[in-house]
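Encoded as structure tokens, the structure appears first; notes follow it.
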Amino acid sequence: MSTPILVAIAWPYSNADIHVGNITGSHLPGDIIARYHRMKGNDVLMVSGTDSHGTPVTLKADALGKPVEEVYQYYHHRFLELFQKLGITYDLFTTTHTRNHFKVSQSIFLALHRNGYLFTQTSPQWYSPSRNRFLPDRYVEGTCYICGYEGARSDQCDRCGNVLEPEKLLNPRSRVGDRQLELRPTEHFYLDLPRMEEQIRAFLEERAAHMRETVLGESLGKIEKEGLKPRPITRDLDWGIPVPLEGWDGKCLYVWFEAVIGYLSAPIEWSQLVSQPRAWYHWWLNPQARQFYFIGKDNIFFHAVLWPAQLMGAGETFMEIFNGEKGLRLTLPYDVPANQFMNLEGQKISGSRNWAVWGLDFLERYDPDPLRYYLTANMPEMHDSDWDWEEFVARNNNELVATWGNLAYRVLSFAARHWEGRVPPISLTDLRPQDRALLDEVEKAFTRVGEELEAVHLRAALQEAMRTAAEVNRYLEQNAPWNAVKTEKEQAALTIYTALRAIDSLKILFAPFLPFSSEALHRMLGYTAPLFGSQYTESVEDDLGRHTVLRYRPVPQTATQWQPSQLPPGQALGKIQPLFRKLDPSIVEEERARLGGGQP
């Protein structure tokens, strides 16, 4: 029986292009897991969208002197372009600036309010007299009073990770040129996290068997060390989702509270687009559903503690407010496989310094699968990793090309040349012990790779697939069909058929990681039905305006694709061509010279 799998991926701020650290942090691991579970026959829904309401977006708009909506739309469309080129198969990639998302977010707020998990409190916030407005937290920087970091925001220090009290910030300054700042009292709603502390603790402990130690350590560690504290969930803003209560004009839902609700609003929007208004129930009101949240380590607390708290606090009341149904409770996260950070050439990635490898810029010069391969092989699952151009070239040439790409190309080319463009027409009963031993080894790899993917150990899964490719290379060296074809063509035919069948299986093992080359290899092996579905964009309009979404159209699937090959002897082969390009080592210095030259 298929399992409902929700793949929820962190919503990127629409204030900058996406770089390799963002890709390997959330978008790529989520796509690998989504592709794997689709191939297994599970019911996958993969969602995310552009975070259009965060203060980083308004800061960018202020810096450019452009309307916020224009800036968010610009980056939103660049995100859509990148995901299509990189093969990130979102069932729906939308935006937070939709009427649907407003309604769902306000319903969560009202449910928490009705259930008594919100309270109001007056607190000091930095105010700009020249602008006659309160400044959002990211608009004010200063020195952290805990660790001394000079670039801390007024609400949080990115160096030590502590939540800060604005009035204690040292040397406060505005990022938008205000000469004088004042602390003034302002009233906001707070989420009463202390009331839910024991529930959150129990939730995390129940998932300790499959959650990463880094996630549990960050989440349970905060509870054990300092306990949960109330968090403000509203801010004085003029761009965002209004607080849905009378007397709260000029106040919007805080972005950290509102953006995570997109994991719920996006499936609801998807259901509307497929004309099945209750389809989202399958992932959100189903105790059998498994929800995976792919994020970076800086978002662990928000997804492993705060988001579950919002869901618990909303309880059955959300559905009563949202559509009048009673007795229905939203599903809690199953896993939060947060990745650590990827650095660049030994330094922290910095968009402001253009110390980054930008996704769209990369794909102007290189193919997508080598990027997907390197980012997976070097994925920062438990520790920070480092993008190194020399290592990228070495892995491309020595692993992707030499071990896997050359294996497929030389065997297919050899078969096409010696058996008239077909798989050798052998009898399966003639397979020798060494042939069956290799096919047995490849079959076992489906279990080994599958177990690693089930546990979201993506580096280990890819390593196991590559190890299996190396086994096929050793088999060919031992049986030497290139020599046997001259005097014992029947023996060579058995070897080449066995290798082709193993390659056909490897195509599936590599498919979640390397979808473009796997699809190309699928056609070379003579299959006509596509291995994967297709991505496309769609324009959607509501009373907030028009927005474009990215969607995925899966292939019809009657059985699991995640199984060893049954390649028919004698099947006609397609046009044979290399899967990957060998890269000249000279590109290393060329790419290093590009760094610091200005963001695309």
Cα→Cβ-extended label distance, 7 Å offset, between Q272 and I223, nm: 3.5
Using 0.36 nm per residue of separation minus the Cα-Cα distance, give me the extension gain between D298 and Q577 in nm, one decimal. 96.2 nm
Taking only the C-alpha atoms, wrap a convex hull around the chain and report its volume per residue in Å³ as a whole number. 157
Dipole in debye (nearest 20) - region 289-383, about Cα centre, beta carbon charges: Lys, Arg +1; Asp, Glu -1: 180
The answer for L183, listing residues at least 5 apart or on another chain whose modeled amide H is closer than 5 Å to its amide H, is Y127
Which of A377, I223, L595 sits closest to the plus end of the dipole of the chain, meaning its Cα is farthest towards the positive end, when Lys and Arg get +1 and Asp and Glu get -1 on the C-beta? A377
What does the charge dipole of the chain about its Cα centre add up to, to the nearest 20 debye, if the Cβ of each Lys and Arg holds +1 and the Cβ of each Asp and Glu holds -1? 780
Quote the accessible area belonging to T403 in square angstrom, nearest 10, computed with a 1.4 Å probe and with ligands, DNA and RNA left uncounted. 30
Among F93, T50, V68, which residue has its Cα positioned farthest towards the positive end of the charge dipole of region 1-98, with +1 placed on the Cβ of Lys and Arg, -1 on the Cβ of Asp and Glu, and the dipole taken about the Cα centre? F93
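Quick check: residue separation of E167 and N354 times 0.36 nm, minus the Cα distance between them. What number comes out in nm?
Taking 0.36 nm per residue and subtracting the Cα distance, the gain is 64.1 nm.
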For region 35-119, shape from the Cα gyration tensor axes a ≥ b ≥ c, cut at a/c of 1.5 then a/b versus b/c, turns out oblate
So what are the ³J(HN,Hα) numbers for region 320-331, from phi and the Karplus equation (6.51, -1.76, 1.60; θ = phi - 60°), rounded to whole Hz, Gly and Pro as x? 5, 6, 6, 9, x, 9, 10, x, 10, 10, 6, 6
Helix 213-226: inclination vs the chain longest Cα principal axis, degrees, rounded to 10, gives 20
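Using a probe radius of 1.4 Å on heavy atoms only, what accessible surface per residue do you get for region 84-185? Whole Å² is fine.
Numbers: 4570 Å² over 102 residues.
Heavy-atom SASA per residue in region 84-185 reads 45 Å².
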Å² per residue, accessible surface of region 218-306 at 1.4 Å: 39
Take peptides 212-221, 456-465 and line them up by average Cβ neighbours within 10 Å, highest first, as a rough protection proxy. 456-465, 212-221
Partnerless cysteines, meaning none of the other Cys C-beta atoms lie under 4.7 Å away, in the chain: C252
Considering only protein heavy atoms, what per residue accessible area in square angstrom results for region 452-600 with a 1.4 angstrom probe? 46
Carbon/sulfur accessible area of the chain, % of total, 1.4 Å probe, equals 47
Treat each spin label as a single point 7 Å out from the Cα along the C-beta direction, and report the E246 to L64 distance in nm. 4.0
For region 439-454 and region 1-66, what is the separation of their C-alpha centers, rounded to whole Å? 28
Roughly how many nanometres apart are two label points built 7 Å out from the Cα toward the Cβ at M1 and Y149? 4.7
Dividing the helical contributions, -39500 (n - 2.57) per DSSP H run of n ≥ 4, by the residues of the chain yields a 222 nm value, nearest 500 deg cm²/dmol, of -12500 deg cm²/dmol
Using a/c under 1.5 as the rounded threshold, could you call region 465-575 rounded, prolate or oblate? The axes a ≥ b ≥ c are square roots of the C-alpha gyration tensor eigenvalues, and prolate needs a/b larger than b/c, oblate otherwise. prolate
Prolate/oblate/rounded call for region 81-176, Cα gyration tensor, a/c under 1.5 rounded: oblate
Out of L330, A259, W280 - ranked by how far each Cα lies towards the positive end of the dipole of region 211-368, with unit charges on the beta-carbon of charged residues - the top one is L330
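The values are calculated or read from the model by the stated rules, or taken from the named source; none is laboratory data. Remember, predicted model here, so these are calculated numbers, not experimental data. For neighbour counting, all protein chains shown are included, and Cβ atoms are generated from backbone atoms with ideal geometry for every residue, glycine included. Note: accessible area is taken over every heavy atom of the protein model, side chains too, but ligands, DNA and RNA are not part of it. Shrake-Rupley method; radii C 1.70, N 1.55, O 1.52, S 1.80 Å.
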